[in-house]
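The values are calculated or read from the model by the stated rules, or taken from the named source; none is laboratory data. Remember, predicted model here, so these are calculated numbers, not experimental data. So basically every Cβ, Gly included, is an ideal-geometry build from the backbone, and we count neighbours across all protein chains shown.
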Amino acid sequence: MKKIITLGGSNSKTSINKTLAEYTGSLIKGVELIKIDLNDFNLPLFSVDIESEFGIAEAAKELNNIFEKADGFVISLAEHNGTYSAAFKNAFDWLSRINGKVWRNKPMLLLSTSPGERGGQTVLDAALGRFPYMGGNIVGSLAFPSFNDNFINGKIVNSQLKSKLLNLVSDLEKAL
C-alpha cells in the first residue's frame, strides 16, 4: 500500500492547514496516511554553527526517514507575513541539509489556506517557485480561501472548491 504524508506547515495545535492536509489525504483512495505534526519534532533553530558543533538534529533525521519511506505528499502551508511559518521553514532547512531534494521527486499536492480571501496565495506562490528545485514533483496546487467559511463541521461547503480539490486528488492518485 502506498504511503502518503500529510503535513500542515504550522506548529499551531489548531492548525487549519493541518486540518486541510489531513482532510485532503482522507480523500485519496487505497493509501496509508502518515500524518506529520511539526510539534512532534523538537528541532533547534537551524544554523550552520549548531550543525557544525552538534551535527544534524536527531529529530531532523527521524523526519527525513519518514519522508524517505513515503510515496507522496499532501502539504498545506500556513502563511506568516507572506511566507512560510518559522516552524515549517526550520524543518525544511534541517531536511535540506540531509537531502537537498527534500521532496525526492515524489508526487505532491501543494495547498495553502487561511481565514482570508487569498487563502495563503503568497506562500503558495513562494513554494511553487522553490519546491521544484528541492525535488518537488507538484501534481497540483490550490489556495483555499476563507477557510472558516468554506470548511464547516469537517466538510467543504463550497461546491466549486470541493470540485477543484477532488480533481487534484484524482490527479495525485494517477501520479502515484
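At-a-glance table
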{"item": "Test: SER47 is of a type in the set (Gly, Ala, Ser), out of contact with any helix residue (DSSP H, G or I) (no Cβ under 7 Å at 6 or more places or on another chain), surrounded by fewer than 16 Cβ atoms within 10 Å (Cβ to Cβ) and on the phi < 0 side of the Ramachandran plot", "result": "yes"}
{"item": "Long-range neighbours under 8 Å by Cβ, at least six apart or interchain, first residue at positive phi within the range 5-30, second modelled with pLDDT of 95 or more", "result": "GLY30/MET1; GLY30/LYS2"}
{"item": "Subset of the range 12-44 that is surrounded by fewer than 17 Cβ atoms within 10 Å (Cβ to Cβ) and of a type in the set (D, E, K, R) - its residue that is nearest to GLY119 (Cα to Cα)", "result": "LYS13"}
{"item": "Residue identified as within 26 Å of ILE50 (Cα to Cα) and either in contact with a Cys (Cβ under 7 Å, 6 or more places away or on another chain) or of a type in the set (A, V, I, L, M, F, W, C) (or both) among ALA87, ALA175, ALA70", "result": "ALA87"}
{"item": "SER85 being of a type outside the set (A, V, I, L, M), in contact with a Lys or Arg (Cβ under 8 Å, 6 or more places away or on another chain), closer than 21 Å to PHE147 by Cα and surrounded by 19 or more Cβ atoms within 10 Å (Cβ to Cβ)", "result": "no"}
{"item": "Flag if GLY116 is within 16 Å of SER76 (Cα to Cα), part of a loop (DSSP other than H, G, I, E, B) and touching a residue at least 24 places away in the same chain (Cβ under 8 Å)", "result": "yes"}
{"item": "Matching residues in the range 67-82 - criterion: being surrounded by 14 or more Cβ atoms within 10 Å (Cβ to Cβ) and closer than 30 Å to MET1 by Cα", "result": "PHE67, ALA70, ASP71, GLY72, PHE73, VAL74, ILE75, SER76, LEU77, ALA78"}
{"item": "Options LYS174, LYS162: the member that is under 30 Å from MET1 (Cα atoms) and either exposed (fewer than 15 other Cβ atoms within 10 Å of the Cβ) or in contact (Cβ under 8 Å) with a residue 12 or more places away in the chain (or both)", "result": "LYS174"}
{"item": "Conditions (1) assigned to a loop (DSSP other than H, G, I, E, B); (2) farther than 18 Å from ALA21 by Cβ: number failed by GLY129", "result": "(1)"}
{"item": "Helices (runs of 4 or more DSSP H) within the range 1-97 that include 1 or more residues in contact with a strand residue (DSSP E or B) (Cβ under 9 Å, 6 or more places away or on another chain) and not basic (Lys, Arg)", "result": "16-26, 58-69"}
{"item": "Residue in the range 137-146 that is of a type in the set (Ser, Thr, Tyr), within 19 Å of the chain's Cα centre (by Cα), crowded, with 17+ Cβ neighbours inside 10 Å and not in a helix (DSSP H, G or I) present", "result": "yes"}
